[in-house]
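To keep things clear, I will list the structure first and then write my remarks on it.
The values are calculated or read from the model by the stated rules, or taken from the named source; none is laboratory data. Everything numeric in this text was worked out from a predicted model, so none of it was measured. Glycine gets a Cβ as well: all are built from the backbone with ideal geometry, and neighbour counts include every protein chain shown.
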Amino acid sequence: MLLQFARKPRTRVSDTDSLPAPVGGWNVRDALANMDKADAIILDNWFPGASDVMVRKGYTQWATGIGAQVETILPYNGPSTQKLFAAAATNIYDVTSGGVVGAAVVTSLSNARWQHTNVATSGGQFLYAVNGADKPLLYNGSTWTPIDSGSSPAISGVTTTNLIHVNIFKERVWFVEKSTLKAWYLPVASVGGTAAPLDLSAFCKRGGQLMAMGTWTVDAGSGVDDYAVFVTSEGEVLVYQGTDPTSSSTWALKGVWQLGSPIGRKCLLKFGGDLLLICVDGVVPLSRALVSSRVQPKVALTEKINGAMANAAQLYSANFGWKLLFYPKGSMLLLNIPVSTGSFQQQYAMNTITGSWGRFLNVSANCWELYQDEPYFGGNGFVGKFWQTFADNGGTIAAEAKQAFSYFGSRGQLKHFKEVRPLLTSNGSPAILAALNVDYDTNTPSGTLNFAPTQYAVWDSSLWDAGIWGGELSVLANWQTINGLGTAAALHLFLSQSGIDTHWQATDFLFERGGVI
């Protein structure tokens, strides 16, 4: 007789749990113990999308041989001709075609920090540029003309070398005079003529100087209208409505508001039907900021990264290079942060669909501009074209992310974390290091990235039948051995790649639950 013994079911020792990729973006606002599980404490060189997080794209050197820091990029958008120019040191170069630049098209300038705008009149399409030291430059599609009282066209009534900002409002060219609270405007639909002043000093109780002017398109209830916005160095914002500044019946001050002090001359950006202001309070849309003034900090687009923004404003606000760029094709708003003028910059990048932020490193940009719907930036001796490739000028892109800490459903219960599996999709094999921080430890884990980056062939450069060509995205789901003991944990992910596209979907964790102590 055979005795049969019933097998006792085995008790499951380990548990698994999964977290989404940090599509909520970079969070420098909330306490570490109070972050949403879809947020990240660190999100460097990752861009949060609506459904996943991708390693940011890179750049190529579009135009080279400039020999100095490119501090302004100037696009000319004519009806049949489009041109791109770069200002560096005392010269301006034509960089429309890319490659090694030729001789400068404008020389002997005082500096390369220009404010500019395109303007159309019955006489043609023009590019107007001012820098507060040289005569304003007017480009008509073929010729650059320094503008003063004796040029053709000419501007009289004001010393033109003092003009430091330019804007278009209601078919008029407006200028800001440096170190004053005066704006100057030309006759309607003209790029020359007698300039008339608008003195704002009587309305600016805090004094200072006029920094910038912008055009704000507002739905006034009875239709869309444009408002003229003037920003002073002390953060006073003056809003005017009307068409003719010489007539009180068609020109009126709508109000004066106090916001944070603006950062840089390029502190305004037209953003859809709004106007964004870079100031010490962050990046604020005027549609919301002027309603709440400074009493409601949550109006800022940078509210979720206000810790980083406040620190950058305190440390780097005097540096040249602050600039906003809206890149519609990439659903991206870029804020350039000049940590060190001419040598080290960062970009805070917001997804304009979700409002989530990431931070870009190793893109040393002095300035940004959109040309033919693509982003270009000025670097040290070159103009870069951004978001066109999966490498930084042929080199690697190193990304780092640290997810929000999670208790995995059991606060206060000890857990032994054994393995982690970042779920990635990629058309290659990025080098990856998956590590763990436990119980709000902020130290950076050490280790070796465990895959060699795949270098894919470049079209029209690599040898046919010799280069390795990238394919469709495939899933990378390898478990990584880790060892962590604590009640809460956060994945710390390091990744390096060149020439490949990588997206992060989610993260699986394998751990064993213990006691309370």
Report summary line: Those residues of segment 252-279 which are within 16 Å of the chain's Cα centre (by Cα) and β-branched (V, I, T) amount to I263, I278
**Report entry** Within segment 136-165, tally of residues that are surrounded by 20 or more Cβ atoms within 10 Å (Cβ to Cβ) and not polar (S, T, N, Q)
**Finding:** 9
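Does segment 298-313 contain any residue that is exposed (fewer than 15 other Cβ atoms within 10 Å of the Cβ), touching a strand residue (DSSP E or B) at 6+ places or on another chain (Cβ under 9 Å) and either closer than 17 Å to P262 by Cα or of a type outside the set (S, T, Y) (or both)?
no
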Requested in this report: Determine the pairs where a residue that is within 21 Å of E472 (Cβ to Cβ), located within segment 405-427, has a partner that is acidic (D, E) with Cβ atoms under 6 Å apart, the partner being 6 or more residues away or on another chain.
Outcome: N427/D501
Report task. Would you be able to say whether some residue in segment 111-123 is in contact with a Leu (Cβ under 9 Å, 6 or more places away or on another chain), part of a loop (DSSP other than H, G, I, E, B) and closer than 19 Å to N140 by Cα? Result -> yes
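Condition test on R206, is it of a type in the set (D, E, K, R) and either touching an Asp or Glu at 6+ places or on another chain (Cβ under 8 Å) or modelled with pLDDT of 95 or more (or both)?
yes
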**Report entry** Residue among V105, V173 that alone is farther than 17 Å from M211 by Cα and touching a strand residue (DSSP E or B) at 6+ places or on another chain (Cβ under 9 Å)
**Finding:** V105
Report task. Could you give me the residue pairs with C-beta distances under 6 Å whose first residue belongs to segment 369-394 and is in contact (Cβ under 8 Å) with a residue 24 or more places away in the chain and outside any loop (DSSP other than H, G, I, E, B), whose second residue is surrounded by fewer than 20 Cβ atoms within 10 Å (Cβ to Cβ) and hydrophobic (A, V, I, L, M, F, W, C) wherever it lies, and which are 6+ apart or on separate chains? Result -> P375/W387
Requested in this report: Just name the residue that is surrounded by the fewest Cβ atoms within 10 Å (Cβ to Cβ) out of those in segment 107-124 that are out of contact with any Phe, Trp or Tyr (no Cβ under 8 Å at 6 or more places or on another chain) and of a type in the set (S, T, N, Q).
Outcome: S122
Report summary line: Per the list (1) closer than 24 Å to W26 by Cβ; (2) small (G, A, S); (3) at pLDDT 85 or above; (4) in a loop (DSSP other than H, G, I, E, B), residue check on A435 breaks on (4)
